[in-house]
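The values are calculated or read from the model by the stated rules, or taken from the named source; none is laboratory data. Treat the numbers as computed from the prediction; the structure is a model and nothing was measured. With ideal geometry, Cβ positions are generated from the backbone for all residues, glycine too; neighbour counts draw on all protein chains shown.
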Amino acid sequence: MSLEVFPLPQVGEVYNKNFVCMKIDAEKGEGVELARKYGVYSYPTYIFVDPSTQKMIHRSGGNKPAADFIADVEGALNPQLSSIYLDEKYKSGDYDMDFLISYMHGKKVSGARDQTKNFEKLLSMGGKITDKKIWDVYCECVPGYDNPYVKQISDNYDQFVSLFGKESVDAKLAEATRWAPAEFTQNLCDFEGKDYNVKMATMSRLLRDKTSDEGWNYVDKLIADPTIDKAKLAEQLMFYTRLYKGADRGMTFEQVVRVFKYARYVAYNMYDREDAMAHYNYAMALETLINRSIAEGKAIPADLLSEPTQGKKEYDMRHPLLKPKPVRRK
């Protein structure tokens, strides 16, 4: 948040206009007592306080996009959108569908990721997923595939597309099935992103055993597949290429060599400048490979000392679709 959200001009404009903002370490000095007073148990937590009474009027938390952080301002300035008011009214049980929708939106902005139970309550009050405002709540607040709604949408795909548009429906199905088993997604209707999710799920299943040639052979097929976004593939492959100290236990030198090859592929083909993990994994894998090479008296294969045969040839973070920098002429 300090790196990516707080410095944004649009964030500073709305926060500096309405509040005196302070960043406080809740584990040092006055922060310890303030954390106790306002019930801070996780980080980051955002507390909005009325200076005349020192009472908390709104709270939120979590890492979130700028839009959600700006939306917190509404909760602090509008008493009926305050987290304090929303929580108290919700606990009373005396509310209608419109309130529950506002409550779910407020909880989502505050960092709640899964509100399936509240969505079920919304449907029990008469809401229908085919209504636009209910559909919007579903897209915003109900993640994943472990619910009846994904299959309902799949079974009635044409109806949902006619109501909300193919782009919206496909985006939700792709998001919901991102971590679903391949068999589950395969049995759904066709939608944009289905084939990719099936392939990623298959890869994840096969790579649970990093020593399995079957899994890495499948990765080779994905790398050669022209329909696969290679940057997205590298991002998901990153988890399986970790070779920090001890992670190579039980692996042969040849297996370490193969995992290192893909750690290098990930580092070369990920372009998120804010995520250093791929490059850290690459360094750890290189250290592990060198240590094993020395300990076992085995040479590092020559192909690992030359440019990669797959993906980008040069190790930098410049996206291949960016135009080259202009050449300065003297």
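Assorted remarks:
- Residue in the range 107-119 that is under 22 Å from Thr177 (Cβ atoms), of a type in the set (S, T, N, Q), outside any loop (DSSP other than H, G, I, E, B) and in contact with a Pro (Cβ under 9 Å, 6 or more places away or on another chain) present: yes
- Boolean, Asp248 is among the acidic types (Asp, Glu) and not in a helix (DSSP H, G or I): yes
- Odd one out for Ser293, checked against (1) outside any loop (DSSP other than H, G, I, E, B); (2) farther than 16 Å from Ala234 by Cα; (3) without any contact (Cβ under 8 Å) to a residue 40 or more places away in the chain: (3)
- Filtered residue count, the range 182-221, keeping only those that are in contact with a Leu (Cβ under 6 Å, 6 or more places away or on another chain), surrounded by 13 or more Cβ atoms within 10 Å (Cβ to Cβ), not hydroxyl-bearing (Ser, Thr, Tyr) and not assigned by TED's automatic domain parsing to the domain that holds Tyr157: 1
- Picking from residues in the range 120-144 that are outside any helix (DSSP H, G or I) and aliphatic (A, V, I, L, M), the one that is nearest to the chain's Cα centre (by Cα) is Val142.
The rows are residues; the columns are (1) of a type outside the set (A, V, I, L, M, F, W, C); (2) touching a residue at least 24 places away in the same chain (Cβ under 8 Å).
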residue	(1), (2)
Leu222	no, no
Asp229	yes, yes
Met238	no, yes
Thr241	yes, yes
Asp248	yes, yes
Gln255	yes, yes
Val259	no, yes
Tyr265	yes, yes
Met270	no, yes
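- Any hit, the range 5-14, residues being closer than 18 Å to Leu77 by Cβ, without any contact (Cβ under 8 Å) to a residue 24 or more places away in the chain and not in a loop (DSSP other than H, G, I, E, B): yes
- Meets criteria (buried (at least 16 other Cβ atoms within 10 Å of the Cβ) and within 19 Å of Ser110 (Cα to Cα)) for Met56: yes
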